[in-house]
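Encoded as structure tokens, here's the structure I'll be asking about.
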Amino acid sequence: MFYVESVLGAPGWEGGLLVLFFLAAALSSPLWAGLARRYGDKPVLLCAMVLAVSSFAYTLTLSEGDVILFAIVCVLSGASIGADLTLLPAMFAKRMSVIAPSGGQGFGLWSLVSKFTLAFAAVILLPMLAAYGFEPGADAQPQEGVWMLMVLYAGVPSLLKLVAIGLLVATRLEE
């Protein structure tokens, strides 16, 4: 929401772009599952992760008025999330069935960690934005605040996804 309002200068578009993102995620899930059946989980997930980094990092180049370009980013990054939501749990379930056949606790831990990371991000990132003068909903934002918003919104997740790609490449997965 902050990015659309403060970087793209398009208040009111947040909801539609978010729906576009989630629709792309939902509609792409069967495609990712089919590709994984044909080519394997790991190579398909790696392709989706590269798509995520490429599309999301592109948002660092956008500026006011680039709503259509951001809509394309929403479709591409949403599709890559579709792979995350489809392939990662399937891969996790396969592994859990080998190491802990009655390991339902693993999915509980997965859920807890997912929720914790969102809360952790909010606790860390929102004060960082404030430290750079960014105020959600303000009519005018300082350039430093908008820059930090772009770094936190697109740069940091892209770097984290690159680390995840490296870890996935280095991890031996048994089929």
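Looking at (1) modelled with pLDDT under 90; (2) of a type outside the set (Asp, Glu); (3) under 28 Å from TRP147 (Cβ atoms); (4) touching a helix residue (DSSP H, G or I) at 6+ places or on another chain (Cβ under 9 Å), can you tell me which one LEU118 breaks?
The number of the failed condition is (4).
For the stretch 146-158, which residues satisfy the criterion of being over 13 Å from PHE2 (Cβ atoms) and touching a residue at least 60 places away in the same chain (Cβ under 8 Å)?
GLY155, PRO157, SER158
From the set of residues in the stretch 80-92 that are in contact with a Phe, Trp or Tyr (Cβ under 8 Å, 6 or more places away or on another chain) and among the hydrophobic types (A, V, I, L, M, F, W, C), which is nearest to VAL113 (Cα to Cα)?
Top of the filtered list is PHE92.
Shifting gears a bit: Taking ALA83 and the conditions (1) over 30 Å from VAL151 (Cβ atoms); (2) surrounded by 15 or more Cβ atoms within 10 Å (Cβ to Cβ), which numbered condition does it fall short on, given that it satisfies the others?
(1)
Could you please give the count of residues in the stretch 141-167 that are aliphatic (A, V, I, L, M) and closer than 19 Å to LEU62 by Cβ?
Residues of the stretch 141-167 that are aliphatic (A, V, I, L, M), as a first pass: 146, 148-152, 154, 156, 159-160, 162-165, 167.
Narrowing the set further to residues that are closer than 19 Å to LEU62 by Cβ leaves 146, 148-152, 154, 156, 159.
Residues flagged as aliphatic (A, V, I, L, M) and closer than 19 Å to LEU62 by Cβ within the stretch 141-167 amount to 9.
Continuing with the same structure: Can you tell me which residue among SER55, SER63 is closer than 29 Å to SER6 by Cβ, surrounded by fewer than 15 Cβ atoms within 10 Å (Cβ to Cβ) and touching a residue at least 24 places away in the same chain (Cβ under 8 Å)? Step through it out loud before you land on a result.
Working: SER55 fails: surrounded by fewer than 15 Cβ atoms within 10 Å (Cβ to Cβ).
It is SER63.
Kindly list, by first and then second residue, each pair from a residue in the stretch 126-145 that is of a type in the set (Asp, Glu) to a residue that is at pLDDT 85 or above, limited to pairs with Cβ atoms under 8 Å and residues at least 6 apart or on different chains.
Matching pairs, first to second residue: GLU135/GLN141; GLU135/GLY145; GLU144/TYR132; GLU144/GLY133.
Determine which member of the set LEU126, LEU87, LEU76 is of a type in the set (A, V, I, L, M) and more than 23 Å from VAL44 (Cβ to Cβ).
Working: LEU87 fails: more than 23 Å from VAL44 (Cβ to Cβ); LEU76 fails: more than 23 Å from VAL44 (Cβ to Cβ).
The conditions single out LEU126.
Results for (1) in a helix (DSSP H, G or I); (2) touching a residue at least 24 places away in the same chain (Cβ under 8 Å); (3) of a type in the set (S, T, N, Q), shown as yes or no for each residue.
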| site | (1), (2), (3) |
| --- | --- |
| ALA79 | yes, yes, no |
| SER114 | yes, no, yes |
| GLY166 | yes, no, no |
| ARG172 | no, no, no |
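Looking at (1) modelled with pLDDT under 90; (2) over 23 Å from ALA52 (Cβ atoms), find the lone condition where ALA130 falls short.
The failed condition is (1).
The values are calculated or read from the model by the stated rules, or taken from the named source; none is laboratory data. Every value quoted in this text rests on a predicted model; they were computed, and no experiment measured them. Quick reminder, even Gly has a Cβ in these numbers, built from the backbone with ideal geometry, and neighbours come from all protein chains shown.
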